[in-house]
Structures are given as structure tokens and as C-alpha cells.
Amino acid sequence: MSARQRISERIRRHIRQRANYLCEYCHAAEQWQYVRFTVDHVIPRAQGGADTLENLALACFHCNRRKADRLTAVDPASGEEVPLFNPRRDVWGEHFIWSADGLSIIGTAPAGRVTVAALVLN
Ligand SMILES: [Zn+2]
């Protein structure tokens, strides 16, 4: 069964409001996208993640598709496998900054770096 069927419209509305209508990974604004954002399972269902608010995040189609069922990725700086950015546990501003021209996202901590690389945020 798809997330769309399992998660009620009320919960989906709550998730969008909580995320301020931004993708919780790349901070794209939903209003500028052609397709409605999706609800991402931070811990994938395939790995036991629940359909609860604590495990759900608003994600653009692009980030959701690239993240897929992953929880970790290899940090390009250290070569070590580290957890991806977790929007329920981690603070965006502690893991990412915008480049000076405002066009790209730079990972400033391991979770930020692997998420930029794994989700191809730029
Ligand atoms: Zn995104």
C-alpha cells in the first residue's frame, strides 16, 4: 500500500504546516513546484519506520525519490558511512548553509554533507 493511502489527509495537512510548506531536505518551496510534495518516512517503512508524525517529513518529489529506502550514505570527506540528515531529530541550520550566491546548499556537518551528495540537492 502506498503512503498516500495509509496516511490520512488530516495528518498530511499537519505535516505540510509543520514544514512551513518547504521540503524538509532541500528547502524548496512547495508553491513553486509543479507536483505536490510527498510525505517521506524518515526511517523507511521497509526498515520498520512507523506512519507517525515523529517519523514523517515533507519532501519534494526529487528528494523523496533519491532518498528512497536509505538511512545512511558515505561521507565524501571522510569515506565513512554516516546517517543522513533526519528532519525530526536534526536542525537544518546546524547541518547546511546556503552558498553566498544563495543558489546551492553546502553541508557543514557529516549528515549535511552526505545528504547533499546522496539527494543531489544542488
Ligand atoms: Zn527536496
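The values are calculated or read from the model by the stated rules, or taken from the named source; none is laboratory data. Here the structure is a predicted model, which means the values were calculated and not measured. Every residue, glycine among them, receives a Cβ derived from its backbone with ideal geometry; neighbour counts consider all protein chains shown. With ligands, DNA and RNA removed, areas are computed over all heavy atoms of the protein, side chains included. Shrake-Rupley method; radii C 1.70, N 1.55, O 1.52, S 1.80 Å.
General remarks:
- Of residues in the stretch 97-111 being touching a residue at least 24 places away in the same chain (Cβ under 8 Å) and not small (Gly, Ala, Ser), the one farthest from Cys26 (Cα to Cα): Pro110
- Matching residues in the stretch 93-122 - criterion: being open to solvent by less than 70 Å² (accessible area, probe 1.4 Å), outside any loop (DSSP other than H, G, I, E, B) and more than 19 Å from Val74 (Cα to Cα): Gly93
- Leu58 being open to solvent by less than 60 Å² (accessible area, probe 1.4 Å), touching a helix residue (DSSP H, G or I) at 6+ places or on another chain (Cβ under 6 Å) and without any contact (Cβ under 8 Å) to a residue 60 or more places away in the chain: yes
- Test for Arg66: is it open to solvent by 40 Å² or more (accessible area, probe 1.4 Å), within 10 Å of Tyr25 (Cβ to Cβ) and either more than 16 Å from the ligand (Cβ to nearest atom) or touching a Leu at 6+ places or on another chain (Cβ under 7 Å) (or both): yes
- Residue match in the stretch 43-56 (condition: within 12 Å of the ligand (Cβ to nearest atom) and assigned to a helix (DSSP H, G or I)): no
- Every test in (1) surrounded by 15 or more Cβ atoms within 10 Å (Cβ to Cβ); (2) closer than 17 Å to Val116 by Cα is passed by Arg12 save one, and that test is (2).
- Any hit, the stretch 79-86, residues being within 13 Å of the ligand (Cβ to nearest atom) and out of contact with any Asp or Glu (no Cβ under 9 Å at 6 or more places or on another chain): yes
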